[in-house]
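Here's the structure we're looking at; comments come further down.
The values are calculated or read from the model by the stated rules, or taken from the named source; none is laboratory data. Because the structure is a prediction, the values reported are computed rather than measured. Using ideal geometry, Cβ is built from the backbone for each residue, glycine included, and neighbour counts are taken over all protein chains shown. Just the protein is used for accessible areas: all its heavy atoms, side chains included, with ligands, DNA and RNA removed. Shrake-Rupley method; radii C 1.70, N 1.55, O 1.52, S 1.80 Å.
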Amino acid sequence: MELNLSNNDLGDSGVKRLCEALRNPECKIQSLWLSYNSLTADCTEDLVSALSTNYSLMELNLSNNDLGDSGVKRLCEALRNPECKIQSLWLSYNSLTADCTEDLVSALSTNYSLMELNLSNNDLGDSGVKRLCEALRNPECKIQRLWLCDNSLTDGCTDDLVSALSSSCSLRFLSLGTNSFTDGSVPALRRLILTCTSLEEIRLWENQFSSDGGKQLNLLQGTRAGLRVSVWITE
């Protein structure tokens, strides 16, 4: 029920051929890993076709490819289908920008199966994350693990993130590392950590906090049983 084809060179043609099997309603693959396979947007039409007929797949890893905004926009056609059972979607390192987030919001607003979304190492920027927050505010959104590290984020999106996630009853893990948050975001981040009672771990390393700002965040470690707050402070 798990197929890991990562770190190969299947290319679009290989994945298109693979989709012939995935379209078979008897196919029971639940977890499919296709990271590091030189994939582009050209294969996503076939992926969408496969996902639109096969509802067994629950985990799809497409990280470290080059799907781009156009590829993810097309992929969202399948995600919008309420019959789609994808629970974990990895899209890190795919040259994504804010241009794809409107489609992601549309998908997240109609399909509540998704519990893990990895968008790390792209270039969503503040505008992209602000748009994404439209979906995260929905109480029906079931995201438990959200990865937004290395996305050119600044203090400009902090209030939207905190507003969207503070009242979440599902969020367990949040990664905001390797961005450009400063001490200006510390009060809002502290509020998020204290009010989102489901949160178990938040990663904030490699941002631009001062020693004092980082310490204010680190002091929240353990304020709830099992809570982990990770902030690296460069003296």
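Computed quantities for the displayed model
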{"quantity": "Identity of the residue in the range 38-65, in contact with a Gly (Cβ under 7 Å, 6 or more places away or on another chain) and not in a loop (DSSP other than H, G, I, E, B), that ends up most open to solvent (accessible area, probe 1.4 Å)", "calculated": "Thr40"}
{"quantity": "Options Thr154, Thr110; residue that is over 11 Å from the mean Cα position of the chain (by Cα), more than 21 Å from Leu39 (Cβ to Cβ) and either at pLDDT below 95 or buried (at least 20 other Cβ atoms within 10 Å of the Cβ) (or both)", "calculated": "Thr110"}
{"quantity": "Condition check for Cys169: assigned to a loop (DSSP other than H, G, I, E, B) and open to solvent by 40 Å² or more (accessible area, probe 1.4 Å)", "calculated": "yes"}
{"quantity": "Counted residues, the range 1-28 - those being among the charged types (D, E, K, R) and in contact with a helix residue (DSSP H, G or I) (Cβ under 7 Å, 6 or more places away or on another chain)", "calculated": "3"}
{"quantity": "Near pairs, Cβ below 6 angstrom, 6+ apart or cross-chain, from the range 86-100 (under 14 Å from Ser175 (Cβ atoms) and part of a strand (DSSP E or B)) to any residue that is open to solvent by less than 10 Å² (accessible area, probe 1.4 Å) and of a type outside the set (A, V, I, L, M, F, W, C)", "calculated": "Trp90/Asn61; Trp90/Ser63; Trp90/Asn118"}
{"quantity": "Residue in the range 29-37 that is surrounded by fewer than 17 Cβ atoms within 10 Å (Cβ to Cβ) and out of contact with any helix residue (DSSP H, G or I) (no Cβ under 8 Å at 6 or more places or on another chain) present", "calculated": "yes"}
{"quantity": "Checklist (1) closer than 28 Å to Lys215 by Cβ; (2) open to solvent by less than 20 Å² (accessible area, probe 1.4 Å) applied to Thr178, failing item", "calculated": "(2)"}
